[in-house]
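Peer 1: Here it is, the structure, as structure tokens.
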Amino acid sequence: MQPDEKRWGALIADDEPAARRGVRQLLTSFPEFVVVGECRTGADVLTSLDTLKPAVVFLDVQMPGLDGFEVIRRRTPERMPAVVFLTAYDDFAIKAFEAQALDYLVKPVSEARFAATMKRLTRQLRAAAARPREERIVVTTARGAIVLGVGDIDWIEAAGNYARIWTGGRSYLIREPLRQLEARVRADGFLRAHRRALVRIDGIRELQTTRAGELVALLGSGAAIPISRRRRTGFVSALRSRR
């Protein structure tokens, strides 16, 4: 590794200490990665993803409480780092890739198999680092300021002279009109759904037509945003062009 090369954080999540040690040992052959934390439960993983912000999580499928798939469902695939599933069984492979996992490793993992995964992971992270840096928005909370990457935002709605930013089921008010915010985030894939809402195209799970003939965007976070009739054609075209 070159002296100025970025090091990526790795989170290891497995309820078995021996399995965590095994992954940590395998990672010693890849100095561009540093272990930033270990977890034994799904709840711990959700907390650590926010506090440690790893580039990759080695995620056990079966853990006490929340399993690996439930962790992804609650956080949503769009807000997850790269995911490498770990399991003692090979029954979950199809489900793992449906959850957008980078890879699926069956324990015990051989050095050759792990190396192949790390090669793919490194290539993906370098490609992501080479992309233009996304817009960031600072919001104020009772506990202080929080910096949100627009890729973590699901949708934004007008709130008078303010805008309400929704991310993963939580919302933050920002003193900035929706029209001004639209100019900042348009390049990152946000479209006007109706007069009072912007939606991130990559966060849409599916479009659905109601019995009343209304088009609704269903987001990965669970939110349902109606698309106005005058914006429907442009919205659908933009969605198709990005997929």
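Peer 1: Based on the alpha carbons, how large is the Rg to Rh ratio for the stretch 114-211 when Rh follows Kirkwood?
Peer 2: 1.07
Peer 1: Any idea how far apart R74 and R186 come out in nm if each label point goes 7 Å out from Cα toward Cβ?
Peer 2: Roughly 3.9 nm, to one decimal.
Peer 1: Give me the 1.4 Å probe accessible area per residue for the chain, excluding ligands and nucleic acids, in Å².
Peer 2: Accessible area per residue, the chain: 56 Å².
Peer 1: With a Förster radius of 35 Å, plug the Cβ-Cβ distance of V34 and K95 into 1/(1 + (r/R0)^6) and report the FRET value to the nearest 0.05.
Peer 2: Plugging the Cβ-Cβ distance into 1/(1 + (r/R0)^6) gives 0.75.
Peer 1: Then there's this: Could you look at the chain and say what percent of its accessible area is carbon and sulfur, using a 1.4 Å probe and all protein chains?
Peer 2: Roughly 48 percent, rounded to a whole number.
Peer 1: R136 versus K107, label points 7 Å from Cα toward the beta carbon: distance in nm?
Peer 2: Result: 3.6 nm between the two label points.
Peer 1: Relative contact order for the chain using alpha-carbon pairs under 8 Å, separation at least 6, rounded to a whole percent?
Peer 2: 11 percent
Peer 1: Find the percent of Cα-Cα distances in the chain that exceed 34 Å, and round it to a whole number.
Peer 2: It works out to 25 percent of all Cα pairs.
Peer 1: Within the stretch 156-181, whose backbone N sits under 20 Å from a point 7 Å along Cα→Cβ of E214?
Peer 2: It comes to 156-160, 164, 166, nothing else.
Peer 1: Given q = 0.13, 0.19, 0.20 Å⁻¹, what are the Debye log10 I(q)/I(0) values for the stretch 11-126, with equal point scatterers placed on the Cα positions and solvent ignored?
Peer 2: Here log10 of I(q) over I(0) equals -0.42, -0.98, -1.11.
Peer 1: Would you tell me the accessible area of T141, worked out with a 1.4 angstrom probe on the heavy atoms of the protein chains, in Å² to the nearest 10?
Peer 2: Roughly 40 Å² of T141 is accessible to a 1.4 Å probe.
Peer 1: Which FRET efficiency value, to the nearest 0.05, do you get for Y162 and A115 by plugging their Cβ-Cβ distance into 1/(1 + (r/R0)^6) with R0 = 35 Å?
Peer 2: 0.10
Peer 1: Separate question: Select from the stretch 81-183 those trypsin sites (Lys or Arg not before Pro) which occupy a DSSP coil region and have at most 11 other Cβ atoms within 10 Å, ordered by residue number.
Peer 2: The qualifying sites are R133, R143, R175.
Peer 1: Can I ask one more? Give the relative contact order (percent, whole number) for the stretch 43-158; include only Cα pairs under 8 Å separated by 6+ residues.
Peer 2: Reported relative contact order: 18 percent.
The values are calculated or read from the model by the stated rules, or taken from the named source; none is laboratory data. Everything quoted here is computed from the prediction, not taken from an experiment. Cβ: placed from backbone, ideal geometry, glycine included. Neighbour counts: every protein chain shown. These area figures cover heavy atoms from the full protein model, side chains too; ligands, DNA and RNA do not enter into them. Shrake-Rupley method; radii C 1.70, N 1.55, O 1.52, S 1.80 Å.
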